[in-house]
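Colleague: Let me give you the structure first, and then I'll get to my questions.
The values are calculated or read from the model by the stated rules, or taken from the named source; none is laboratory data. Note that this is a predicted model, so its numbers are computed, not measured. Don't worry about glycine lacking a Cβ; one is built from the backbone with ideal geometry, like all the others, and counts go over all protein chains shown.
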Amino acid sequence: MSTLDQFESVFNAAAKDAFTPQSIKIKRVLIIQDLPETLQDDYLYLVKGFLAVLEHNTEVEWKVFGSTESSMHILLEAVENNRPDLIVTYRHLHCDAVDWHYGLGTHIDVLTQATTTPVLILPNPDRKNLADHSLNKTNQVMAVTDHLAGDHSLVSYASLFTQTGGTLFLAHVEDKAVFDRYISAVSKIPDLDTETASEQIKARLLKDPNDYVESCRKNLAETFPTINIEHWVRLGCRMSDYRNLIDKNEIDLLVMYTKDDEQLAMHGVAYPLAVELRTTPLLML
């Protein structure tokens, strides 16, 4: 390796993404539902209780929209007219597939992808097997991404939704199957030491998100001094590791990105997690 290459490597390794808090205000919440009119006030009460943290420093305007019959066009028009800072709805809106384990429902798919507004997806009101801690509060919040370093907006939203005295988990899992495939390719190149490459690449992959977490911890101590910060960075299987972490820590709210500039479908691991975590509230950005 030339001296120039060595210098460039050292320079790149020293460059770090430091967390920059984003200013986020949620003043207008639009609750989209398909419940009978007699149940709508009860559902509003449930949602306001679950999201009580939003009213700690800001006066929030809550609006309930929808009926037993609403077309997708009408829903999108309501979002455009109300211009909410947050949409709250639930799985299988305007759909009778609540007992099926596949998908979120057409209305939810469109809402999360066709609008720029964050969408909070709750378990369907018809579900009977919710955990005791579900929909009570946002004491345990987890931000999930496949690229934690630099995700300022994700961390900022997750912090805002974590209640006083609660815990924010910052989770980042590098895909071990992908890592193993590249190391397998390295093992077939005579000029490269496979063991050294494996150890150093793994360490490098995990160092960046760990460093970013430390910058989050430092900055959030100033902007959100009443919440605790925990992190979980590792090489593993994203789906099973995230599920285990969510179950173990009884996560009240999962925060993740869904938009992808290169495709219409949800971003990365977001959709598989959203489909499988049927009783976990999801904030989809």
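Colleague: Looking at the stretch 134-151 only, could you name the residues that are modelled with pLDDT under 90 and closer than 25 Å to Gly236 by Cβ?
Modeller: Result: Val144, Thr145, Asp146, His147, Leu148, Ala149, Gly150, Asp151.
Colleague: Answer yes if at least one residue in the stretch 193-201 is under 25 Å from Glu230 (Cβ atoms) and either part of a helix (DSSP H, G or I) or within 24 Å of the chain's Cα centre (by Cα) (or both), and no otherwise.
Modeller: So far as the stretch 193-201 goes, no, none of its residues is under 25 Å from Glu230 (Cβ atoms) and either part of a helix (DSSP H, G or I) or within 24 Å of the chain's Cα centre (by Cα) (or both).
Colleague: Name the residue, out of Leu253, Leu220, that is in contact (Cβ under 8 Å) with a residue 40 or more places away in the chain, crowded, with 19+ Cβ neighbours inside 10 Å and closer than 30 Å to Thr106 by Cα.
Modeller: Leu253
Colleague: Against the definition (among the hydrophobic types (A, V, I, L, M, F, W, C), free of Cβ contacts under 8 Å to residues at least 24 places away in the same chain and closer than 21 Å to Gln163 by Cβ), how does Leu44 come out, yes or no?
Modeller: Answer is yes for this residue.
Colleague: Further, regarding this structure: So which residues in the stretch 65-93 are outside any helix (DSSP H, G or I) and over 24 Å from the mean Cα position of the chain (by Cα), if there are any at all?
Modeller: Phe65, Gly66, Ser67, Thr68, Glu69, Ser70, Ser71
Colleague: Which residue pairs have Cβ atoms under 6 Å apart, sit 6 or more places apart or on different chains, and have a first residue in the stretch 180-198 that is within 25 Å of Cys237 (Cβ to Cβ) and a second that is small (Gly, Ala, Ser)?
Modeller: From residues that are within 25 Å of Cys237 (Cβ to Cβ), the pairs are Ile183/Ser198; Val186/Ala197; Thr194/Ser187.
Colleague: Given the residues Tyr271, Tyr182, which is the only one that is part of a helix (DSSP H, G or I) and under 30 Å from Val88 (Cβ atoms)?
Modeller: Tyr271
Colleague: Scan the stretch 65-88 for residues that are surrounded by 17 or more Cβ atoms within 10 Å (Cβ to Cβ) and touching a helix residue (DSSP H, G or I) at 6+ places or on another chain (Cβ under 6 Å) and jot them down.
Modeller: If the condition is that a residue be surrounded by 17 or more Cβ atoms within 10 Å (Cβ to Cβ) and touching a helix residue (DSSP H, G or I) at 6+ places or on another chain (Cβ under 6 Å), then Phe65, Val88 are the ones that fit.
Colleague: How about the stretch 9-33: which of its residues are in a loop (DSSP other than H, G, I, E, B), modelled with pLDDT under 95 and surrounded by fewer than 18 Cβ atoms within 10 Å (Cβ to Cβ)?
Modeller: Ala15, Lys16, Asp17, Ala18, Thr20, Pro21, Gln22, Ser23, Ile24, Lys25 - these are the residues of the stretch 9-33 that are in a loop (DSSP other than H, G, I, E, B), modelled with pLDDT under 95 and surrounded by fewer than 18 Cβ atoms within 10 Å (Cβ to Cβ).
Colleague: Same structure again: Among the residues of the stretch 117-127, is any at pLDDT below 90, among the acidic types (Asp, Glu) and in a helix (DSSP H, G or I)?
Modeller: no
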